[in-house]
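Heads up, the thing below is written out as structure tokens.
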Amino acid sequence: MDNENKNPLTPEEESTPAQEAIEPAGPESPAAEIPAEETQTASEPDGTQGEAPAEETSTSSQDAADGEPPMQDEQEPSEALAPVPEADTEKPQKPKKPKKDSHKGKYRGISLAMTAGFLVVVILLNVVVSLLAERYPSMNLDLTEGHVNTLSDSAAEIASNVQNPTTIYIMASEDIAKSDTLLAEYGIKYSQVSALAEKMAERNSNISVEYIDLDQNPAFASEYQDDGLMTADVLVKTDKRYRVLAYTDLFDVQYSQTGMVAYSMVDSALASAVSSVNADTLPLAVFDTGHNEMMDTTLYKNLLTSNNFETQEINLLTDEIPENAQLFVLATPATDYTPDEIEKLEAFLNDESKASDRSLLVTFYPGQDALPNLTDFLKEWGLDVQQSTQVVETDPNSYITSDPSYLLANQSGDITLSRATSDYGYLLMPQSCPINLLFDERNGITTHTLATSSSSAFLYDGTEESISNPQTGGHTLAALAQKTITTGEGEATANVVALGSTFMFVDGIINSNTFGDGRYLTDLAKYVTGTEGETTAVETRQVQTSIADISMSLLQVMVFGLGIFTILIPLIVVVIGVVVYYRRRRL
């Protein structure tokens, strides 16, 4: 009874041994410290239950460790019987092979594609630049001495103004013409011909260039039998006319004790040919050859031809002056003219049936024999040339070459020869006769001074007195007389020009870039024929071609050689390589 009083149990609090066995131990219960094996042995003393009770105990112990109340076997039979995997029975897994990084391969392919694309772009760029250089020759830098492969301003202007289809035929195959093998034995750089011709064609679509190999196409030469076309010649043609340039028109080869020197005249020759074949009309300059003329007219004829004049020679004694002649030249005659010849000159100047301007040009030389008939004729026009007298300078600043007779003339402002320019620089008139103007105006004729000496010049007549007691003063060296002619179509001008110097027409003066004689004589011829301003003046320019060196200053050599090719390009390649290297490392 006492036991019952001490431990009263209500029916709800009674528990079965099985429930006590599986009841989880509290945090302070000794059962929490008993290993799972001992707990299993205590519950199953006979040890014959096998693995099933152990699994239940393990499950119960695990639930107790998780702090969850045990579940009845009847309520969760499947959960109670579920096997628990043991850690020590698991098989070790084999290490997996690392998967290949597909991104790295992708980037490597992109890098290769970019490299290949860059090479393709470089190759295409090279091809495109080469094609553009052929189509547009001006893209090529001209580093030659004297810029022989560059069009002058006048040549460029003429090419730009061409309005008619014009073909420049070069008598050589294209490869030969551009390789400098043609006429190389004379030190000539023939490639200048094709270079300048193609640059003309580049400036104007009306101009084209064709290469004719006469060995392969002999029929072409047969069409121009009278001109005797040869290899290295150039033929410029339009529907109006054509003009043939021999290689001697393109190049001038001079010989001396030191060797052979070649000079190029390609620029002015091509420009004048293109201009002349496109002109509507060409004034005709006629040269008399019947009086043992002392002046070599070759260079003057070339100058006129280069500036769209046609030239012709006649014997005034036996021939008539052509009706279309506008300029008649008496080139320092050594013998006098007959009255019949003087009448021809008067008829030429006073012809009322001709509407165009017409002119007579006469040159003189100190010590020239007396020409009374010609002298009287010129006096009627107010011009008196003192052939027995020579103008000499005393001022060293007014002459050159240590020769007081090589006068630097002053251009007169009385007549303006060209609207384009009034200053011709150094106008050299060596060994000149003085010209007296007999009147300013008479019988409709007016006289004008074209060029004078300085005020420090004096007249030398061969006597000692003229030297010991010189009378200094300005003297006329070139003069012009004019007369208006009434024609059926209006008015025209007749001109008579007297030049006291023959030497201004010689080589080294008329074709020199130093002196303005060539430009002065060209503008004078155009002025007296009324053709001034119709075409662009072409100055004959000689440039030495045998110099093979490229004209570059030391600074240019340093910039191109050291700066660009030695430093800049390798540096760019190194930078690109470093950038590509680090970019690929990060892939």
> With labels modelled as points extended 7 Å from the Cα through the Cβ direction, what inter-label distance (nm, one decimal) is found for M230 paired with T298?
Replying inline: 1.4 nm
> What residues have an amide H closer than 5 Å to that of L438, excluding those fewer than 5 places away on the same chain, when H is modeled at 1.01 Å from N in the peptide plane?
Replying inline: L383, D384
> Quick one: of the DSSP bridges fully inside the stretch 266-357, what percent are antiparallel, nearest 5?
Replying inline: 0 percent
> What residues have an amide H closer than 5 Å to that of T487, excluding those fewer than 5 places away on the same chain, when H is modeled at 1.01 Å from N in the peptide plane?
Replying inline: A492
>> Could you order the peptides 435-444, 266-275, 112-121, 453-462 from most to least packed, using the average number of other C-beta atoms within 10 Å per residue?
In response: 266-275, 453-462, 435-444, 112-121
>> Among the listed pairs K301/K483; K483/K526; K240/K344; K301/K354, which have their C-alpha atoms separated by more than 28 angstrom in this model?
In response: K240/K344
> Taking a point 7 angstrom from the Cα of N513 along the C-beta vector, which residues in the stretch 237-267 have backbone N less than 14 Å away?
Replying inline: 263-267
>> Which order do the peptides 229-237, 469-477 come out in when sorted by mean C-beta neighbours inside 10 angstrom, highest first?
In response: 229-237, 469-477
> Got a number for carbon plus sulfur as a percent of the stretch 436-514's accessible area, 1.4 Å probe?
Replying inline: 43 percent
> How high is the relative contact order of the stretch 209-307, in percent, counting Cα pairs under 8 Å that sit 6 or more residues apart?
Replying inline: 19 percent
> Among 209-219, 408-418, 382-392, how do they line up from the highest to the lowest mean number of other beta-carbon atoms within 10 Å?
Replying inline: 382-392, 408-418, 209-219
>> Using the Karplus curve 6.51 cos²θ - 1.76 cosθ + 1.60 with θ = phi - 60°, what ³J(HN,Hα) values do you get for each residue of the stretch 324-334, in whole Hz, with x for Gly and Pro?
In response: 8, 5, 10, 9, 10, 10, 10, 8, 6, x, 9
>> What FRET efficiency comes out for D403 versus T181 if R0 is 45 angstrom and r is the Cβ-Cβ distance? Round to the nearest 0.05.
In response: 0.55
> Once the Cβ-Cβ distance between E491 and S455 is put in as r, and R0 is 51 Å, what FRET efficiency do you end up with, to the nearest 0.05?
Replying inline: 0.85
> Counting only residues 5 or more places away or on other chains, whose amide H sits under 5 Å from the amide H of Y263 once H atoms are built in the peptide plane?
Replying inline: D252, V253, Q254, T545
> Across the stretch 200-212, in residue order, what do the Karplus-derived ³J(HN,Hα) couplings come to in whole Hz, using 6.51 cos²θ - 1.76 cosθ + 1.60 with θ = phi - 60° and x for Gly and Pro?
Replying inline: 5, 5, 5, 6, 8, 5, 6, 9, 10, 10, 10, 10, 10
> What distance in nm separates the simple spin-label points at V120 and E210, each placed 7 Å from Cα in the Cβ direction?
Replying inline: 4.1 nm
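The values are calculated or read from the model by the stated rules, or taken from the named source; none is laboratory data. Here the structure is a predicted model, which means the values were calculated and not measured. Note that we place each Cβ from the backbone using ideal geometry, even for glycine, and neighbour counts take in every protein chain shown. Surface areas here come from the heavy atoms of the whole protein model, side chains and all, with no ligands, DNA or RNA. Shrake-Rupley method; radii C 1.70, N 1.55, O 1.52, S 1.80 Å.
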